[in-house]
Amino acid sequence: LKGIGVPVAQRCHTAVRCSVASWPAGGATMGRPNAATTGDGLHGDCACRRQDIDRAARRRWKRRHLIRLVGGSFLAMATIVVVLLRATGLWTQAQVTYRLLGSFAGLSVAIVHLPNGKPTASLGSGWLITAVIALLALAVYVMTLPWHTPSLANPELRNPQVFFPKNFALMGVTPIAMACIMARHPPSTYIYDAVWSVTCTWFNTLLLTLYHDLKGNGGEIANFNAFVISAALHVEGVTFVWNACLMVRRLCVVSSPQSFGARHSTWLIGAMGLAFHLRLWLLVLETCNLAWLDTFSAHCVNLTFGTLFLGVWLFYTFVVTGSLSRSALMLRREAQCVRGAPQAEALWASKMLGYEVLACIALGVSTTSMWSTIMLYRVMTWWSTMDVKVVVEVLVLEHRVDLLLSAASVALLSGLVWQPKEPSPEALQCRPRNLHKVVSYALPDGVQDGDEHEAWIAKVEELAGRGVALRSLLDFWEDLACGKIMPKFDPSSSTTNDVVRQAIIPQSRAAGGGALAAAWSRGKPLIARCMVTHNWSNRFVHLIAGILADALNEDYYEGVASMLISGDEGIQAIRRRLADLGRLEVAYWVCAFSVNQHASICNGFGPSPGEDDERAYEEWDAKRRDSVTGEIYPVCPCHEPKISNSDPANCEVNKFDAMMRFLHEASTDFSHLVVVDMEFDLFTRAWCIAEIVESDLSGISQRILLHSQEMLDYHYDSLSLIDVRNCKASRVEDKELILKRINDPSSFNVQLQWTIFGTKGLFSKWLDGQERAALIGRIVRRAMSAGGNSNSLSGSRLRLGSSSSNGSSLLHVNSGSSNASSSSLFNSSNDEKKSSEEAVSEGSCGSGRGGGGG
């Protein structure tokens, strides 16, 4: 079982993320990511993890080939010995010989295919058509054997009342196997194993049907039939282990790796597989008429193996079904306490787990019923006077039903013949309203017409021409990383605010003033193809990595950030890949580079809020200090006039949404990129919200790029309660201006959640059963983290529905490692809670997360 990689399934979600060719992927497990996993300066850590994965893959490859060598050699030698003994006359029992050869043939299937190997895509059309025709032809030939070869087949099978009970399994499994073989899929180890499993189930059903067709013949036909039934039963034993391993690989990514089912699956499956095959070998020994194996001993040993298999199977089915059921119920409770995208995802995951539970129950009942009948048959044959004909008929029917259910469950749950629909607002009957009704657009007072309006349009066009080419961005990063333009730059700590104050402003002043983007393009307009929304408190390396990752079509920017920090080798690797894609000259619009900082902020930090408001003063003071050294930034001595909102037509920092609309109308392929920081502070900034509003309002293609999926899961609890009314701005009037445009905050909050969580993006690619289970596992784990684990309070955020002294219905209890920087967005005021239209009612939330919608 270790050779086929069952334990490796517990880490499959990490292996999938780390499998992107030549790109390191870091990240943390569920819980608070620590510095060792979130610091993007740790490229060596990513490289070490990749080396560990490569070493594990090499060890698994060697182990697989060792199993093939040892197992194949043993079966080959045993087959040769049996044939020689029969050929020389030393072994006179023909049926025993054929049973042994059939057993060796059935076990050879386990050597031909070892699960959890190299990802394999669909075969070519020619091979697929050939395989499907072969399957159909063999199935039809075996089922019609009583008609075209009446001398061999039992004539009673021509009776429909006898024919259908014996053949309905083959009639059902054959189209399932054909559909699985014909299904187109990308390279997937899990799907490749599922196809093998379904195909071998079909082969097993074919052999069993052939056995019943030939039953009753004598001579060589009887010997051949002994070969067929032995091969069929051993193939069934191998397929049973494969099916169990497929289920374990789904279970391990849904449940906690520390759960009983995940930790002990190898031993439980091994015990069942061993009992299955030992019982079959005992049947072979019974036909040898051995002196030391009398009838009583044979019955006792056979019943022991059967009881062992049945007991372990019932226990394992109970453990798996219980684990999946608990996760599904928890997701149902979670769905009652959240709204929008998190609610849709929780309901979808709960429904998928429901299908898994139904499959487990169906297989548990069918297999338990079949093995119980087998043991009943064994007890009844102990007394030869009892009539077992009815029991045999029932056993054959149960066996066929079990095979059909096994094939159907593998085909459906593996993703071969069924891909579930992604969660959507329609499933909740709460589709966000049209944003044209939710959000309104209006020019500031004084610029609706006349010269001011013309000046407004001219400034918008000027801003739109200040794109930044990726080549210039990489050059700037190289100079920054080597200390040429900012000696105190620390890629693991320096923020965008640090770089603007100590690199961009000095560089643009040295170039004659104005925006740095204009200096790089030598005053020529460079129209951007993408607008970047970001917050200045984000690490600067994350901003650059997010832009480059978008150009490189990466899902997350964590790996690209590690490449940037790794040194010149990593930077040149990114440059080469961009050149190969032809994107070095693609222009992005980034406010830090594209806005003339000398006309706005270069000479100061804004008015101090006063030390009376301690929190506001700390925020203001932090914005004027270097995040590495703590020193106050030097101010620019230039004398360029500063333009604020008092001159709306010429101000550059109030036109981002208008510029986005202008670029979208000028170019149909214009898009909007949102680079989200690790702490998700971006969604607390009013102007960032305004840009997202404009993107949705104008129908601009929008992409949200995150540091890693772990960070999204960690902040799930706070993001599930996001409320645009609690965003922050440096100036109160900016926040009021932005919120005035949002006519329906409740609907906008729902729309914003769907944008943040990117639910549809998660399902934009084809998912096999294991990937879908990993996605369900993510939803389960973040729901556990949000709701609080009753067994462990450490590292969790507990949300208790109670009333505080100020009337708030939500009490946050944060552990020492929790993030408090986003609390202003996610904690509503008492008045807002009273008037919130989207707040979840207290009656439906119980005591877990009541009032979350406020």
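The values are calculated or read from the model by the stated rules, or taken from the named source; none is laboratory data. Being a predicted model, the structure only gives us computed values, none of them experimental. In this analysis, Cβ positions are derived from the backbone assuming ideal geometry, glycine residues included, and neighbour counts consider all displayed protein chains. Side chains are part of the model used for accessible areas, which takes the heavy atoms of the whole protein and leaves out ligands, DNA and RNA. Shrake-Rupley method; radii C 1.70, N 1.55, O 1.52, S 1.80 Å.
For segment 720-735, a tally of residues being of a type in the set (Asp, Glu) and at pLDDT 70 or above returns 1.
Within segment 398-415, residues that are within 20 Å of Leu251 (Cβ to Cβ) reach partners that are of a type in the set (Asp, Glu) and open to solvent by less than 20 Å² (accessible area, probe 1.4 Å) with beta carbons closer than 8 Å, at six or more positions or on different chains, in the pairs Ser414/Asp768; Gly415/Asp768.
Select from segment 186-199 the residues that are in a helix (DSSP H, G or I) and open to solvent by 10 Å² or more (accessible area, probe 1.4 Å) and write down the one among them that is farthest from Leu404 (Cα to Cα).
Of the residues in segment 186-199, the ones in a helix (DSSP H, G or I) are 189-199.
Add one more test, that the residue is open to solvent by 10 Å² or more (accessible area, probe 1.4 Å), and what stays is 189, 192, 195-196, 199.
Numbers: Thr189: 23, Tyr192: 20, Val195: 15, Trp196: 15, Thr199: 12 Å.
The selected residue is Thr189.
Does segment 552-579 hold any residues that are within 29 Å of the chain's Cα centre (by Cα) and of a type in the set (Asp, Glu), and which are they? Of everything in segment 552-579, those that are within 29 Å of the chain's Cα centre (by Cα) and of a type in the set (Asp, Glu) turn out to be Glu554, Asp555, Glu558. If you go through segment 205-222 one residue at a time, do you hit one that is open to solvent by less than 10 Å² (accessible area, probe 1.4 Å) and under 35 Å from the mean Cα position of the chain (by Cα)? For segment 205-222, residues open to solvent by less than 10 Å² (accessible area, probe 1.4 Å) and under 35 Å from the mean Cα position of the chain (by Cα): present. Among the residues making up segment 108-132, those that are part of a helix (DSSP H, G or I) and not hydrophobic (A, V, I, L, M, F, W, C) are Ser108, Ser125, Gly126, Thr130. Has segment 93-114 got at least one residue that is more than 32 Å from the chain's Cα centre (by Cα), over 30 Å from Ile67 (Cβ atoms) and not hydrophobic (A, V, I, L, M, F, W, C)? Yes: segment 93-114 contains one or more residues that are more than 32 Å from the chain's Cα centre (by Cα), over 30 Å from Ile67 (Cβ atoms) and not hydrophobic (A, V, I, L, M, F, W, C). Scanning segment 672-687 for any residue that is of a type outside the set (A, V, I, L, M, F, W, C), part of a strand (DSSP E or B), open to solvent by less than 10 Å² (accessible area, probe 1.4 Å) and at pLDDT 80 or above turns up at least one such residue.
Is it the case, given these coordinates, that Gly610 is over 34 Å from the mean Cα position of the chain (by Cα), at pLDDT below 85, farther than 28 Å from Ala458 by Cα and not aromatic (Phe, Trp, Tyr)?
Considered against the rule, which asks whether it is over 34 Å from the mean Cα position of the chain (by Cα), at pLDDT below 85, farther than 28 Å from Ala458 by Cα and not aromatic (Phe, Trp, Tyr), Gly610 comes out as yes.
Test Ala105 against the stated conditions and say whether it is open to solvent by less than 30 Å² (accessible area, probe 1.4 Å), under 30 Å from Trp281 (Cβ atoms), modelled with pLDDT of 90 or more and in a helix (DSSP H, G or I).
Details: open to solvent by less than 30 Å² (accessible area, probe 1.4 Å): no; under 30 Å from Trp281 (Cβ atoms): yes; modelled with pLDDT of 90 or more: yes; in a helix (DSSP H, G or I): yes.
For Ala105, the condition - open to solvent by less than 30 Å² (accessible area, probe 1.4 Å), under 30 Å from Trp281 (Cβ atoms), modelled with pLDDT of 90 or more and in a helix (DSSP H, G or I) - is not met.
Name the single residue that is surrounded by the most Cβ atoms within 10 Å (Cβ to Cβ) among those in segment 172-185 being more than 28 Å from the chain's Cα centre (by Cα) and closer than 15 Å to Asn204 by Cβ. For segment 172-185, the residue satisfying everything is Val173. With a requirement of 2 or more residues that are open to solvent by less than 50 Å² (accessible area, probe 1.4 Å) and closer than 18 Å to Glu478 by Cβ, the helices (runs of 4 or more DSSP H) lying completely within segment 493-607 that satisfy it span 496-499, 516-520, 540-551, 558-565, 568-581, 591-594.
Assess whether Ser255 counts as being at pLDDT 90 or above and either out of contact with any Pro (no Cβ under 7 Å at 6 or more places or on another chain) or more than 30 Å from Ala153 (Cα to Cα) (or both). So Ser255 does not fit the description; no.
Looking across Ser646, Ser698, one residue alone is without any contact (Cβ under 8 Å) to a residue 60 or more places away in the chain, open to solvent by 60 Å² or more (accessible area, probe 1.4 Å) and either farther than 19 Å from Asn726 by Cα or touching a Pro at 6+ places or on another chain (Cβ under 6 Å) (or both). It is Ser646. Contact map, segment 735-750: first residue touching a residue at least 60 places away in the same chain (Cβ under 8 Å) and within 10 Å of Arg725 (Cα to Cα), second residue open to solvent by 50 Å² or more (accessible area, probe 1.4 Å) and not in a strand (DSSP E or B), Cβ cut-off under 8 Å, separation 6 or more or different chains; pairs are Ser746/Glu837. Listed by first and then second residue, the pairs with beta-carbon distance under 8 Å, at least 6 apart or on different chains, first residue in segment 280-299 and of a type in the set (D, E, K, R), second modelled with pLDDT of 70 or more, are Glu286/Ala298.
With respect to Arg433, is the statement that it is open to solvent by less than 30 Å² (accessible area, probe 1.4 Å), basic (Lys, Arg) and at pLDDT below 85 true?
Numbers: open to solvent by less than 30 Å² (accessible area, probe 1.4 Å): no; basic (Lys, Arg): yes; at pLDDT below 85: yes.
Spelling it out, it is not the case that Arg433 is open to solvent by less than 30 Å² (accessible area, probe 1.4 Å), basic (Lys, Arg) and at pLDDT below 85.
So in segment 223-264, with the set limited to residues that are in a loop (DSSP other than H, G, I, E, B) and open to solvent by 20 Å² or more (accessible area, probe 1.4 Å), which one is nearest to Phe318 (Cα to Cα)? Let's see the steps before the verdict.
Filtering segment 223-264 for residues in a loop (DSSP other than H, G, I, E, B) gives 255-259.
Next, from what is left, pick out any that are open to solvent by 20 Å² or more (accessible area, probe 1.4 Å): 256-259.
On the way: Ser256: 17, Pro257: 18, Gln258: 17, Ser259: 13 Å.
Among those that are in a loop (DSSP other than H, G, I, E, B) and open to solvent by 20 Å² or more (accessible area, probe 1.4 Å), it is Ser259.
Every residue in segment 133-171 that is open to solvent by less than 20 Å² (accessible area, probe 1.4 Å) and not in a loop (DSSP other than H, G, I, E, B), please.
Our first condition is that a residue be open to solvent by less than 20 Å² (accessible area, probe 1.4 Å); within segment 133-171, this holds for 135, 139, 142, 145-146, 153, 157, 167, 169-170.
Those that are open to solvent by less than 20 Å² (accessible area, probe 1.4 Å) and not in a loop (DSSP other than H, G, I, E, B): Leu135, Ala139, Val142, Leu145, Pro146, Leu157, Asn167, Ala169, Leu170.
On the stretch given as segment 625-653, residues that are part of a loop (DSSP other than H, G, I, E, B), farther than 16 Å from Pro506 by Cα and not small (Gly, Ala, Ser) total 13. Within the set Leu314, Leu329, the sole residue that is over 25 Å from Ile269 (Cα atoms), open to solvent by 50 Å² or more (accessible area, probe 1.4 Å), assigned to a helix (DSSP H, G or I) and hydrophobic (A, V, I, L, M, F, W, C) turns out to be Leu329.
Against the condition over 23 Å from Gly559 (Cβ atoms), in a helix (DSSP H, G or I) and at pLDDT below 70, how does Ser796 come out, does it pass? No. Within segment 521-528, the presence of at least one residue that is under 28 Å from Arg576 (Cα atoms) and among the β-branched types (Val, Ile, Thr) is confirmed.
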